[in-house]
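Undergrad: Below: one structure in structure tokens.
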Amino acid sequence: MRAFAREATAGAGDALAGALKLYDAVRDGVPYDPYYVGEARAYFRASDCLRAHRGFCVPKAALLAAVARAAGIPARVGYADVRNHLTTRKLSELVGGDLFVWHGYAELYLNSRWVKATPAFNLALCERFGVRPLEFDGRRDSLFHEYDRAGRRHMEYVRDHGHYPDVPYDTILAAFRTTHPRWLALGAGGDRGDFAREATGGG
């Protein structure tokens, strides 16, 4: 974790510049994979997300918070239920619709205030979906865009769960078991699929 933070922030002149580099490194250097999920803690941990070089929103947000802390930037994780209008048919069937509970993001303390940063969707995946990559300037909250490039509804925040010092694993797991049992079962050997390929209609 420290090595990742050190390499990503090389050349940064201050905490803000370092935070921007870390955001890009986590967003684009660790691909978003909603099929890499399961009940084990490993699927939710920052260190395992980095080791596996993939993960969904919860571990990617935890990873950004962890490497920010490793770089000396105070950080925490936050969660909200979101309605994603641009998912794939397969993922929607597994999740049980377009509502995703406990979507994860990070909050970094920069210039005397907490700023939200959402590093989930990597640049290559955004291009496949026709969605603008979510940028982070360290000054304003960076949450999912409401609309894609074509003006279609993309992401809608439904309920805020607040922020935590670390991933509330037991709470999230209980919510996933209730709301997304088929999706969570992928960790037991289900067909994980290829989300990036699905985004372009490849299956």
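The values are calculated or read from the model by the stated rules, or taken from the named source; none is laboratory data. Everything quoted here is computed from the prediction, not taken from an experiment. All Cβ positions, even for glycine, are placed from backbone atoms using ideal geometry, and neighbour counts span all protein chains on display.
Undergrad: What helices (runs of 4 or more DSSP H), lying completely within the stretch 36-96, carry at least 3 residues that are over 13 Å from the mean Cα position of the chain (by Cα) and of a type in the set (D, E, K, R)?
TA: Hits in the stretch 36-96: 89-95.
Undergrad: Also, I was wondering about something else. Hey, among 46, 52, which residue is surrounded by fewer than 22 Cβ atoms within 10 Å (Cβ to Cβ), within 22 Å of residue 1 (Cβ to Cβ) and of a type in the set (A, V, I, L, M, F, W, C)?
TA: Numbers: 46 fails: surrounded by fewer than 22 Cβ atoms within 10 Å (Cβ to Cβ).
Only one candidate qualifies: 52.
Undergrad: Determine the pairs where a residue that is at pLDDT below 95, located within the stretch 169-187, has a partner that is part of a helix (DSSP H, G or I) and not β-branched (Val, Ile, Thr) with Cβ atoms under 6 Å apart, the partner being 6 or more residues away or on another chain.
TA: 182/94; 183/94; 184/176
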